[in-house]
Every structure is written in C-alpha cells, then in structure tokens.
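Notes follow once the structure below has been shown.
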Amino acid sequence: MPSAERRKPLASPRAAAWARVVFAGFAGCLLLSCGDSPTDSGVSGDLPGGDRPSFEDLFGPTLVRADGSQVGLRAVQDKALVGIYFADPSCPACAAFTPLLVSAYDSLKAANRSFEIVLVSVGGGSAEMFAFMQRYGMGWPAVPYDRAKLLTLLQRFGVEWVPTLVVIDSDRDVVTKTGREDVVAAGAGAYDVWLVAGAGP
C-alpha cells in the first residue's frame, strides 16, 4: 500500500465550491467541501422534480456520446435499470475501475439486458470528459458537463467519493449506491442482483 506521502491534492478549476483529494492506493477519490458543499444533506423537495424526479429532472433534456453527438432520453427511459456513474478523468481509482465497468456493460449489452449507464464527470470540463469516454471506449452516454447540474446530482445522491455507481430503476428509485463494489465482486452478474433488489418485496 502506498505511503501517505503519495496522497496528492488536486485542484478543480471548473468547480470552485469543492476540492478533490486523491488517495492513490485507497478506495477512491474523496470529494472535500471547501464552501457550499455539493453533498450537504438537503431536502430532496428542493431539487428538480423533488422526491419523484423525471429523467429530464435528473439529466436534462439530452445526453451526449463520446463523439460529441447528442442522444435523447429514450436511451434511458425504456431501461429496467440505469447506472449513474460518477467519475473523475484524473482519479487513479476511476482509471482502475472504469475498464471493469466497460467490460460488464459490454457483456450486458451483448446479452440484450435492459440496462444503460450515464456518466457524470466530476472533474475538468467537457474536453476532459469526452477524452475520458474515448480513452476507455465507453459505449454509454454522459450528462453534458455543467457545474450546476453536477452539484445537484452530487447532492441528490449524496456522493462523496468517486468512482461511485448509483443504480436506479425505471421509476428513478435508488436500487443501490454500491454498484461499484457489486461490479468489482460479480462483474456483469451484478445486474441480476440489482434486478432482484429493484423488484422489492
């Protein structure tokens, strides 16, 4: 395990309200507040859509693919499960996890499972986000980079670390916030665990 000296503070020029610290040999990259915290426990009723947000409330009217092309919300609206992937292009833990997620995603797509992922990039800006998507061959779309939307999503789902994979169902109810751990443990098999969990009692 790396020593504490390898912990490297990183600054984010596009998100002055919070800072990132990377713990290179640890579980992820910690999002630390340095002002109005994006993960303060707010009332969901204060967020777009309140307790029952639509996909548009969550992501906006359109998503974007790695090549910059736009895609409508139908990409997610007809899916049984949607993974919301919070990641930072400069986070070492994201670099380690993303290939695992891409492999699981590609397997699920090949098996025609009802699943989509939406990337929420928390570092840099649009150029860094598109480069990140292209570098790892992400077949899924992303939320167009916008600081206000980013902070809203971080707050809604209480995200404090990246990579974080939140899985929601077609009603936008949270199935799990530990999707990353599930993928690490079971790969594409995590989908069946989520599907059962989303079905409820």
Return the Cα extents of the stretch 31-186 along principal axes one, two and three, sorted largest first, each rounded to a whole Å. 40, 33, 32
Pairs of alpha-carbon atoms within less than 8 angstrom and 6+ residues apart define the contacts here; what relative contact order does the stretch 73-201 have, in percent? 34 percent
Taking every alpha carbon pair in the stretch 96-201 and sorting the distances into 10 angstrom bins from 0 up to the bin holding the longest one, the percent per bin comes out as 13, 46, 35, 5, 0
Between the stretch 156-201 and the stretch 55-91, what is the separation of their alpha carbon centroids in Å? 16 Å
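Every read-out reported here was derived from the displayed coordinates using simple, explicitly stated rules and does not represent laboratory data. For clarity, every value in this text was computed on a predicted model and none was experimentally measured.
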